[in-house]
Protein chains: 2
Amino acid sequence: MSLQIALTKGRLEESAVEMLDQCGYGIDRLRHKGRALVFQDTKKEIRYFLSKANDVITYVEHGVADIGIVGKDTLLEGGQDYYELLDLGIGQCRFILAGLPDHNPLQKVGHLRIGTKYPSVTRTYFRNMGMDPEIIKIDGSVELGPLLNLCDAIVDITETGTTLKENGLIIYDEVCRISARAIVNKASFKLKRDEVMQVINDLKGVMNNAEGN
Amino acid sequence: MSLQIALTKGRLEESAVEMLDQCGYGIDRLRHKGRALVFQDTKKEIRYFLSKANDVITYVEHGVADIGIVGKDTLLEGGQDYYELLDLGIGQCRFILAGLPDHNPLQKVGHLRIGTKYPSVTRTYFRNMGMDPEIIKIDGSVELGPLLNLCDAIVDITETGTTLKENGLIIYDEVCRISARAIVNKASFKLKRDEVMQVINDLKGVMNNAEGN
């Protein structure tokens with residue numbers, strides 16, 4: 001039986017492909033580098049999709065993909081109709097609360113505006129502190145928000161903090177840590193259980209090897 | 001008094017910059033090409049932002065920008081707290097309903113699934129025909145939806161139809177025609193009326209000249 005695996009374009013792409021390569025799967029690097037959105041494994045009965053993070057969840061929820069590899073940041077914000085089976089340990093970064101120096105949003109008196117690509121994560125974070133700020137959804141260049149006075153602070157993901165520093169922003173709090181996860185379509189988990197678990201176990205094996213080194 | 005103008009990155013960018021250039025404004029092409037997200041007009045008291053389409057609306061609604069240039073497609077899907085003052089005539093394209101040959105979604109019996117980046121436009125279109133399909137939000141590569149059997153058909157924008165053809169899709173209906181619009185922050189329209197109308201009239205002048213040629 002053949003499997004479909006959806007991979008997230010961008011930040012996670014290289015490390016996910018690397019892991020599958022270490023599993024001994026036949027990722028055709030040339031086709032992958034050629035930006036094909038759909039490509040076939042050269043050794044296994046697996047077809048890969050290269051998709052935007054939200055679409056990886058959509059593909060898995062609707063059964064277009066049996067397995068998806070996607071960041072916890074997107075999972076926290078998006079749908080819920082899938083099984084999350086494995087923390088892959090790759091793509092590690094943090095959700096942070098950041099703003100301009102001497103403008104700690106947690107100490108602001110009066111109306112507070114938070115800019116973010118992740119309204120749901122942001123709402124939950126502030127609710128847990130008994131706060132209810134105005135949340136402004138920003139699609140790109142979130143770090144410009146405080147500089148343009150669109151918002152008082154931002155909730156965003158950061159790996160190294162470089163973009164924040166370049167824009168003169170400082171971190172006021174860590175919201176949570178995130179990493180990439182393997183998610184599975186609910187029907188596939190029953191109907192293709194052996195094939196799905198083979199992939200999950202292969203990925204686990206690579207993780208254990210990496211820890212052993 | 002200085003003005004802030006938000007421009008949409010991508011498809012509309014070049015034609016909008018071209019229009020402002022024809023207005024005699026000092027768009028610094030080098031800085032623009034250097035992908036600066038914020039840059040100053042070299043002749044006028046104008047600061048430009050280069051933003052994602054949704055963010056252009058957000059900037060205008062929150063007063064970070066006085067004027068925004070953005071596609072009607074995004075306006076139809078997004079917020080409403082602004083004045084739409086001018087159809088610029090640039091960035092013309094169409095919302096279409098497309099699918100695989102011999103799979104006319106309007107004739108399908110039973111459950112219908114439509115993939116789109118524009119759920120609101122799609123819902124309105126089908127409601128006007130007395131239909132209530134399942135709408136699947138897709139973030140990227142919408143045209144893959146029918147090929148992967150994620151959906152029966154798509155509602156998307158197209159300029160030339162090339163991407164549709166490349167994916168073997170045909171157009172079953174035109175939903176509406178769209179083009180870029182100038183939108184204005186409500187407070188700016190009162191408080192900076194002269195400056196705002198100067199820009200609008202300059203843009204109108206360029207459009208009239210283009211028509212005259």
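Evaluating 6.51 cos²θ - 1.76 cosθ + 1.60 at θ = phi - 60° for every residue in the stretch B:189-197, the Karplus couplings come out as 5, 8, 7, 10, 3, 4, 5, 5, 5 Hz, glycine and proline recorded as x. FRET efficiency for the B:L191 to B:D132 pair, using the beta carbon distance and R₀ = 45 Å, is estimated at 0.55.
The residues packed around B:Y82, meaning those with a beta-carbon under 9 Å from its beta-carbon, carry a net charge of -2 if Lys and Arg are +1 and Asp and Glu are -1. Sparse packing (at most 15 other Cβ atoms within 10 Å of the Cβ) combined with a DSSP loop state is found for the following GluC sites (Glu not before Pro) in the stretch B:133-164: B:E159.
Look at the stretch B:51-58: the mean tally of other chain Cβ atoms within 10 Å of its residues' Cβ atoms is 5.
Ranked by the mean number of other Cβ atoms within 10 Å of their residues, highest first, the peptides B:108-116, A:84-92 come out as A:84-92, B:108-116. Per residue of B:133-143, other chain Cβ atoms within 10 Å of the residue Cβ number 4 on average. Neighbours of B:G168 by Cβ distance under 12 Å: Lys/Arg scored +1, Asp/Glu scored -1, total -2.
Simple point charges give the picture: +1 on the Cβ of Lys and Arg, -1 on the Cβ of Asp and Glu, and for chain A a dipole about the Cα centre of about 360 debye. Distance to the B-onto-A rotation axis is smallest for one chain B Cβ; residue and value in angstrom are B:D139, 5. Between this copy and the others, label points of A:L37 are 2.6 nm apart in ascending order, each placed 7 angstrom from Cα in the Cβ direction. Across identical copies of the chain, A:M129 has label-point separations of 4.9 nm, listed in ascending order, with the point defined 7 angstrom from Cα along Cα→Cβ. Projecting 7 Å from Cα along the Cα-to-Cβ direction, the label point of B:G10 sits 1.2 nm from its equivalents in the other copies, listed shortest first. Taking every DSSP bridge with both residues inside chain B, close to 60 percent are antiparallel. Taking a label point 7 Å from the Cα of A:L37 along the Cα→Cβ vector, which residues of the stretch B:95-129 have an amide N closer than 12 Å to it? Of the residues in the stretch B:95-129, B:116-117 have backbone N under 12 Å from the label point off A:L37.
Along each principal axis, taking the top coordinate minus the bottom one, the Cα set of the stretch B:93-177 gives 30, 26, 23 Å in descending order. Within 10 Å of the Cβ of each residue in B:77-90, the mean number of Cβ atoms contributed by other protein chains is 0. Lys and Arg at +1, Asp and Glu at -1: add these up for the other residues within a Cβ distance under 9 Å of B:V142 and post the number. Result for the neighbourhood of B:V142: -2.
Per residue, chain B reaches -9500 deg cm²/dmol at 222 nm when only DSSP H runs of four or more residues are counted, each adding -39500 (n - 2.57).
Taking 1.002 mPa s as the viscosity and 20 °C as the temperature, the Stokes-Einstein diffusion coefficient of the protein assembly as shown based on its alpha-carbon Kirkwood radius rounds to 90 µm²/s. Annotation: the antiparallel percentage among DSSP beta bridges lying fully within the stretch A:93-177 is about 65.
Computed over the alpha-carbon atoms, chain A gives an Rg to Rh ratio of 1.04, Rh here being the Kirkwood radius from the mean inverse distance. 3J(HN,Hα) along the stretch A:14-25, derived from phi through the Karplus expression 6.51 cos²θ - 1.76 cosθ + 1.60 where θ = phi - 60°, amounts to 5, 6, 5, 4, 4, 5, 5, 4, 5, 6, x, 7 Hz, with x in place of Gly and Pro.
When only alpha carbons are used to place a centre, the stretch B:70-114 and the stretch A:149-183 end up 34 Å from one another.
Read the figures in this text as sums done on the coordinates, not as results from a lab. Predicted model only: the values in this text are computed from it and were never measured. Every residue, glycine among them, receives a Cβ derived from its backbone with ideal geometry; neighbour counts consider all protein chains shown.
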